[in-house]
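The values are calculated or read from the model by the stated rules, or taken from the named source; none is laboratory data. Here the structure is a predicted model, which means the values were calculated and not measured. What goes into the accessible areas is simple: the full protein's heavy atoms, side chains included, and nothing from ligands, DNA or RNA. Shrake-Rupley method; radii C 1.70, N 1.55, O 1.52, S 1.80 Å.
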Amino acid sequence: MERTLILLKPDCVQRRLMGRVLARFEDKGLNIIAMKMMRVTPELAKKHYAEHVKKDWYPALEGFITGGPIVAAVVEGLEAIRVVREMLGATSGLKAASGTVRGDFSSSRQMNLVHGSDGPAAAQREIALYFRDEEICAGEPTIAPWLRAADE
Ligand code: ADP
Ligand code: MG
């Protein structure tokens, strides 16, 4: 089992797409094991997007991500990091495949609705930025035997 961080970005919250996006992850059989609505501060934005801080478009990204409430969640499942990234689609909504969250709901490079960690190291680092250990509600859901075979 793998854990990944997702953020429903301010555009997702403002456009009332939270429920539809979370439903996709639930429908897939992923477990939401932590979730909170919050504001991203400029300090947190700089930590979260450390790899992009020096880019000329970073100030616009920081303005966007701090511009309204977000929902942070920890999603758990088999190969959850890759599975979530594939469900989100390419960075730009204009390029993302149809059937993905960004491909279906976004026409923007910046306002692409949802963040997903891009690898195991990022997932671990990002989960720790948003959640304390005791905020993570791990535990096998009772539906688990109906989502995959015991030996998968
Ligand atoms: P991803 O979220 O798909 O991993 P990146 O790590 O490349 O994408 O970029 C982080 C976030 O920064 C994107 O999700 C998007 O919101 C924003 N972004 C990416 N490229 C640009 C750009 N050229 N101009 C403005 N915002 C951008
Ligand atoms: Mg990225």
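Between residue 53 and residue 95, what length comes free when the chain is fully extended (0.36 nm per residue of separation minus the Cα-Cα distance, one decimal in nm)?
12.8 nm
How big is the antiparallel share of DSSP beta bridges in the chain, given as a percent to the nearest 5?
Here the antiparallel bridges make up roughly 95 percent for the chain.
Quick one: pull the percentage of alpha-carbon pairs in the range 1-73 with a separation above 15 Å.
Percentage above 15 Å: 58.
For the Cα atoms of the chain, what angle does the longest principal axis make with the long axis of helix 18-28, in degrees from 0 to 90, nearest 10?
Helix 18-28 sits at roughly 40 degrees to that axis.
Under a straight-distance cross-link criterion of Cα-Cα below 16 Å, which lysines are reachable from residue 55, leaving out those fewer than 8 residues away in the same chain?
Partners found: 46, 47.
With every protein chain left in place, what is the accessible area of residue 102 in Å² (1.4 Å probe, nearest 10)?
Its accessible surface works out to 20 Å², give or take rounding.
May I ask you to give the solvent-accessible area per residue for the chain, in square angstrom, as obtained with a 1.4 angstrom probe?
Per-residue value: 56 Å².
Taking only C-alpha pairs under 8 Å that are 6+ residues apart, what is the relative contact order of the chain in percent?
Computed over the chain, the figure is 34 percent.
For the range 2-146, what is the convex hull volume of the alpha-carbon atoms per residue, in Å³?
105
If you find the alpha carbon centre of the range 1-60 and of the range 136-152, how far apart are they in angstrom?
Here the two parts' Cα centres lie 24 Å apart.
Any chance you could look up the accessible area of residue 62 with a 1.4 Å probe, heavy atoms only, rounded to 10 Å²?
Approximately 30 Å² of residue 62 is accessible to the 1.4 Å probe.
Starting from the residue with the highest accessible area, list 66, 41 in decreasing order, probe 1.4 Å.
If we order 66, 41 from most to least accessible, we get 41, 66.
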